[in-house]
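Before I ask anything, let me first share the structure, which is written out below as structure tokens.
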Amino acid sequence: MAPKNSLKMYQDVQIESVALGGRSADLVVVLYDHLIQHLGEAEILMSKSDYLEAGRRCSKALTIIAGLRETLDFEHGEPVAGNLLKFYNAVTSKIIGAQTRKDSKWLGEAAALVLSVREAWSHLASQGVDHKQKKSFAAVSSRHVDAVEVSAVALSGAGVAAAV
């Protein structure tokens, strides 16, 4: 039991350090990782007909998406903020569709969507970009986001990370 608690404590410290002092792109990657984790767990639980626990994981995933949605900066981040809003709405629809139809396949599809955009954010994070820089990036994910200006997501840090 001690190793599990140690891992949890490490993850909490990692999330807090990114939230309080890290770059926005790093925080988005951490949130996407947790979102993918919750969707994967929900998919497994739903496939085993454990709808109560699957619903709890879906709820956590939806909370993360809501936090990400709230941080979009439409004043300075268009058209990227609008594209991300459409993306978050599409993922939300997949999660709700899975729950109402009790179809775990939809959760896998939602996780795949998030993973594709997560890879783009990971690429931005690896370049050391934060939300204060005004650089534009072409085609972060040609399927979901046409271009990215990292300032489109002005994360409030700890508030969003608390959703994890």
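The values are calculated or read from the model by the stated rules, or taken from the named source; none is laboratory data. What you see is a predicted model, and the numbers here were worked out from it, not measured in a lab. Reconstructed Cβ throughout: ideal geometry from the backbone, glycine too, with neighbour counts over all protein chains shown.
Given the structure, is Asp33 part of a helix (DSSP H, G or I) and modelled with pLDDT under 90?
Against the criterion (part of a helix (DSSP H, G or I) and modelled with pLDDT under 90), Asp33 does not qualify.
Another question, then. Find all pairs meeting these conditions: Cβ atoms under 7 angstrom apart; at least six residues apart or on different chains; first residue within the stretch 49-70 and closer than 10 Å to Thr92 by Cα and of a type in the set (Gly, Ala, Ser); second residue surrounded by 22 or more Cβ atoms within 10 Å (Cβ to Cβ) and modelled with pLDDT of 95 or more.
Ala61/Leu35; Ala61/His38; Ala61/Leu39; Ala61/Ala42; Ala61/Ile95
Of the numbered conditions (1) at pLDDT below 50; (2) surrounded by 20 or more Cβ atoms within 10 Å (Cβ to Cβ), Ala2 fails exactly one; give the number of that condition.
(2)
Report yes if some residue within the stretch 71-78 is touching a helix residue (DSSP H, G or I) at 6+ places or on another chain (Cβ under 8 Å) and in a helix (DSSP H, G or I); otherwise report no.
No.
Restricting the search to the stretch 87-115, which residues are crowded, with 19+ Cβ neighbours inside 10 Å and of a type in the set (Lys, Arg)?
The one that is crowded, with 19+ Cβ neighbours inside 10 Å and of a type in the set (Lys, Arg): Lys94.
What about Leu84, is it crowded, with 21+ Cβ neighbours inside 10 Å, in contact with a helix residue (DSSP H, G or I) (Cβ under 6 Å, 6 or more places away or on another chain), hydrophobic (A, V, I, L, M, F, W, C) and not in a loop (DSSP other than H, G, I, E, B)?
The answer is no for Leu84.
I'd like to verify a number: residues in the stretch 37-56 that are closer than 13 Å to Ala110 by Cβ and surrounded by fewer than 18 Cβ atoms within 10 Å (Cβ to Cβ), how many?
2
Among residues belonging to the stretch 71-89 that are touching a residue at least 24 places away in the same chain (Cβ under 8 Å) and aliphatic (A, V, I, L, M), point out the one that is nearest to Ala111 (Cα to Cα).
Among them, the one singled out is Leu84.
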